[in-house]
1. Positive end of the dipole of region 315-394, charges at C-beta (+1 Lys, Arg; -1 Asp, Glu), about the Cα centre: which of ALA333, ALA383, ASN354 has its Cα farthest in that direction?
2. What value, in deg cm²/dmol to 500, does the helix sum -39500 (n - 2.57) over DSSP H runs of n ≥ 4 give at 222 nm once divided by the residues of the chain?
3. If I model a spin label at THR272 and HIS177 as a point 7 Å from the Cα along the Cα→Cβ vector, what separation in nanometres do I get?
4. When you count, for each residue, the other Cβ atoms within 10 Å and take the mean per peptide, how do 77-90, 403-416 rank with the highest first?
5. Once the piece of chain linking MET417 and GLN132 is laid out straight, how much longer is it, given 0.36 nm per residue of separation minus the C-alpha distance between them?
6. Under a crude label model (7 Å from the Cα following the beta-carbon direction), how far is ASN377 from GLN328 in nanometres?
7. Restricting to Cα pairs below 8 Å that are 6+ residues apart, what does the relative contact order work out to for region 57-117? Please round to a whole percent.
8. Return a whole-number percent for the relative contact order of region 227-300, with Cα pairs under 8 Å and 6 or more residues apart as the contact set.
Amino acid sequence: MSWGAGYVTDIAYAPGYYAEQSPRLMAITALVNGYAAHVPSRTQDFHFVDIGCGKGFTALVLAAANPGWAVTGLDFNPAHIAVARNLAECAGLTNCRFIEADFTRFSGADLADFDAASLHGLWTWVGEPVRQGVVRLLADKLKPGGYCHVSYNVLPAWRGMIGLQRLMREAGIRLAHRADRQAERGFAVIRRLMDAGGAAIDPMARRLIEHCAEQPASYLAHEFMNAAWAPCFHQDVATAMAGAKLHYVGSPRLLENFPSLTLDDTARAIATEFEDPAMVELLKDVTGNQPLRHDVFIRGAVRLDAARRDAALGAISLGLSVPYARRQLEFDAPTGRASMSEGLYQPAFERLANGPATVADLLARARRTSSAAAVDNPAELLAMLIGTGQALPIADATAIMDPACVRLNAAMFAEKMHASNVMQRVTLAVPALGGGYSLPGLAAFAVLRQHDWLSEATSGQALPQPDGTNFAAWANLVAPGGDEATIAQIVSVFSTFFEQQAPMLNRLGIVC
């Protein structure tokens, strides 16, 4: 294991798609915060690089859903690269490639300059030589105006875990051999301390431990068993990124860009005393105790005036990502319970219930139908709808599920379900979204059955809703040999899914 330089290499990283890595969401983040950014279309010449791609799910989804793009996945673990290449081959994707790269030495000499990059699950978990190598790559290869997403464990939320992580790792490597078993044994030690009410466990650390207790051992191993594990402050990351001329422009978790939702009155008053926006971010982290940050940087950030920003945001199309009946005008924010203006958002929900619409159209509808004064702020409307998880950006509402996406979805489902259960969430590549959509495993299974995923055939049109006979047959495939109660429960899940979810998914281009 010496080639890993202290990073876990004997078990693979859990595969997954993360919406924050989407270049479209990076561009929207910049626009919401008043910076110039181009939202790429599905068919344009665009190069995205996933740095530390793992098994490549994000890279594969973006390649399949955006046929005009070139997508490159880089990872130092050859096992990850082998899996990603196999999935690409199964899907017949020709616009993505995966490269084994040691970032301490990788120069990217044969790598074309890229328009966007993402570092998810990398910065906190690797040593300083690797981080320096990544910054060099960004400095050499990210185009002017290009954007980059970085996620990391942030201080001070993790302060109470620094000693516990060290204890967990040191105990684990002395109690077991394989990394996942080391994680299990080491985690059991700190759980014993917590359960005994030890003073070593502060409230935030207790929250993190309770969250991690629900995660599989493979997750714990990659989270905690790396020798270089080091949570950091936002300003430290921003300073490092400045070495590649990158400037922080906001969070792809769009609600986090609004101080009224992230800072209480006292913190907001303190923030106004500083011209440096980094102080706002520090106040968010100190008062909010969020454990994971997602940051977007631009190489050559250019400010937009309000008119141009609003025009760019107004042209973005949105689609409802929850059934209309489940819409909510209230939501939880770091500062407490928050609410959206009914005069602005109820007309928007009503319009989106019929299919995708542009932000400009939603604002115009609110002005026509509301007796209240609608807030004519496209940044707020877009951020609230996406940030609360009730809408998604639409890349091309006319795009249908194509054979490449169907094949990839089948391959990713099989990989995700390997040694797992069908209650786990699975992401499907969706051309209309230009990205992915996450569903519980049983729902994803139902969609794949509708796509006839056992073959490579797909009609590209909405298929008739299955009847109870189909559901019973599917349930027996999901739980072969299951008892009557188990089969009936699964049939009920399928029936409810098609009754409540399928119409909304069809409007998002997820044919079912």
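1. After comparing all options, I get ASN354.
2. It comes out at -13500 deg cm²/dmol, rounded to the nearest 500.
3. 6.4 nm
4. Ranked from most to least packed, the peptides come out as 403-416, 77-90.
5. Working it through step by step, the gained length comes to 99.0 nm.
6. Placing both labels 7 Å beyond Cα along the Cβ direction yields 2.1 nm.
7. Relative CO of region 57-117 lands at 36 percent.
8. After rounding, I find 47 percent.
Each reported figure results from applying straightforward, stated rules to the coordinates on display, with no laboratory input. All values reported here derive from a predicted model rather than from experimental measurement. When we count neighbours, we look across all protein chains shown, and the Cβ atoms used for this are built from the backbone with ideal geometry, even at glycine.
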